[in-house]
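Visitor: Before we start, here is the structure in question, set down as structure tokens.
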Amino acid sequence: MCVMLLIFFCLYRDTKNKFMADKKIVPSNIKWQKVDDWILDKIKDEPSFYHTSMPSLSNTENSDKLDYQVFIEEASRNMIRFKKPEHLIRMIVKTIDEHVKTSHTAMLIYSKRKNSFLLVDSKGVEGNKIPTGFIKLKTDNPLVRFFNERINYVISPSGSLDYSRLLEMSKKEMYDENKYLHMTLLEMVPQVIKQMELLKANICIPIYYKKSVLGVLILGRKVSGQEFNRQEISLFTTLANDVAMALSNAQLIQDLHEKIMEVHTLYEREHNMFIHTAISLAATIDARDPYTHGHTERVTQYALSIADELEELPEAKQYQNFKETLHISALLHDVGKIGVPDSILNKPASLTKEEYEKVKEHPITGATILYPIKQLSGVAAEVRAHHERYDGVGYPDGLKGEAIPFIARIISVADTYDAITSDRPYRQRKMAEVAVQIIKDNSGTQFDPIIVSAFLLAYRKKIRAHHRIH
Ligand SMILES: [Fe+2]
């Protein structure tokens, strides 16, 4: 019995292959799948089926299995390797074309921008003639609807569509035999068949990610005339899943990139607005005192030059955005002078003790103005401390050493350098070299020695030249 079945199987296989090789078309009038299933069911329990008594079949199966295993492993490796999913798609289409040898292999991928499925790659004798992007399926296309509504799973557990099986289903007798089939399915099958004919597809494999159809893998007929077997369909489904994963990963990366760009643009816009607001405020303060005109702008430039030498220090890295905080703090360091009367600010003589006490209020006034403003509250502490001294005898809080905010210590040096090198109503400016010497002499007492060192470097690189120009 077993031997007879095996002989029958071999004859059947050869006849089927010969028929398909001769016709080289999609078989429509022979229910090969049903015959296949029947024979396989009859002989599956026979121990000799995979035995060496049928070396050709056994070897073919083993070697196929081995190749497919390598194929899948290679595809998985490539999925990780390729950053762009299009490259993975091209590799898969090319590999199927070369190994399986089909009339054409192609892939349609959903384009969000065009709300359609576009042909992204096509290979094979017939596939090479189809230009990329030439085929476009709208989302209401019957084939796409079939996959979207999961009707394909009613026909095939793997979700793949086989042209010959659909053709069989479309026949009247099949309708009669399958009364349980939903009307939507029965109405759509002929439309899907038409779509597959237009695509010259023998097999269509959907590419799903979660609930969405991302694409469709299309396979023409095999050049050998044989049908695709279950192992091959399973392999193609695995590859389709790899493509889905690569596409969804690429989409996630793209979405993340767009979000970052969006935040960056908003941040840039907001940042520019802050800087302009701070510049306007600083200009208003400067305008009140003709003697100190341009003071804020120069202090800001000096402070930024000093900061260039310090940005690698841990103290600088404690700030979320060191340079920006310093920039805004420097622009607004004297904003509290808004509370100092003009009579004191523009007095062409030395200040009395009371007047000086009034001027000394400006760091607190400045911090009081800035602190309630959400976007500027971060610079309030810097503004409040810009007249503190490293030895602890400054004002308004008598902070000492590291207790003084780092940016405030920088502004203190920049502010002093500009004050010495600028005219005042009650005294003339001093030479830059004199100012540098005064700052050096006060390193460790009035100023943080690290900031003084950075100032000396910045002075040689930028400040000296800036000073000469102005
Ligand atoms: Fe000040």
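The values are calculated or read from the model by the stated rules, or taken from the named source; none is laboratory data. Computed from a predicted model, the values in this text were never measured in an experiment. In this analysis, Cβ positions are derived from the backbone assuming ideal geometry, glycine residues included, and neighbour counts consider all displayed protein chains.
Visitor: Criterion first (closer than 30 Å to Glu187 by Cα and at pLDDT below 75) does Ile135 satisfy it? Outline the logic, then answer.
Guide: Numbers: closer than 30 Å to Glu187 by Cα: yes; at pLDDT below 75: no.
Against the criterion (closer than 30 Å to Glu187 by Cα and at pLDDT below 75), Ile135 does not qualify.
Visitor: Separate question: Among the residues of the stretch 156-214 satisfying the criterion of being modelled with pLDDT under 80 and among the polar types (S, T, N, Q), which is farthest from Phe134 (Cα to Cα)?
Guide: If we take residues in the stretch 156-214 being modelled with pLDDT under 80 and among the polar types (S, T, N, Q), then Asn178 is farthest from Phe134 (Cα to Cα).
Visitor: Being among the charged types (D, E, K, R) and away from the ligand (no atom under 16 Å from the Cβ) is the filter; apply it to the stretch 294-333 and report the residue that is surrounded by the fewest Cβ atoms within 10 Å (Cβ to Cβ). Walk me through how you get there before you give the answer.
Guide: Of the residues in the stretch 294-333, the ones among the charged types (D, E, K, R) are 297-298, 308-309, 311-312, 315, 317, 323-324.
From the residues that got through so far, the ones that are away from the ligand (no atom under 16 Å from the Cβ) too are 308-309, 311-312, 315, 317, 323-324.
Numbers: Asp308: 13, Glu309: 20, Glu311: 14, Glu312: 7, Glu315: 18, Lys317: 10, Lys323: 14, Glu324: 16.
Restricting to residues being among the charged types (D, E, K, R) and away from the ligand (no atom under 16 Å from the Cβ), the top hit is Glu312.
Visitor: List every residue pair whose Cβ atoms sit under 7 Å apart, with the two residues 6 or more apart in sequence or on different chains, where the first one lies in the stretch 182-200 and is not assigned by TED's automatic domain parsing to the domain that holds Pro142 and the second, anywhere, is modelled with pLDDT of 90 or more.
Guide: none
Visitor: Report yes if Gly336 is of a type outside the set (D, E, K, R), within 15 Å of the ligand (Cβ to nearest atom), in contact with a Ser or Thr (Cβ under 6 Å, 6 or more places away or on another chain) and not in a loop (DSSP other than H, G, I, E, B), otherwise no.
Guide: Details: of a type outside the set (D, E, K, R): yes; within 15 Å of the ligand (Cβ to nearest atom): yes; in contact with a Ser or Thr (Cβ under 6 Å, 6 or more places away or on another chain): yes; not in a loop (DSSP other than H, G, I, E, B): yes.
The answer is yes for Gly336.
Visitor: I would also like to ask the following. Based on what the data block shows, is Glu355 modelled with pLDDT of 90 or more and out of contact with any Asp or Glu (no Cβ under 9 Å at 6 or more places or on another chain)?
Guide: In short, yes.
Visitor: Could you please give the count of residues in the stretch 269-322 that are within 24 Å of Ile338 (Cα to Cα) and among the acidic types (Asp, Glu)?
Guide: Total satisfying the criteria: 3.
Visitor: Go over the candidates Lys358, Lys337, Lys353 one by one and state the one that is touching a residue at least 40 places away in the same chain (Cβ under 8 Å) and basic (Lys, Arg).
Guide: Lys337
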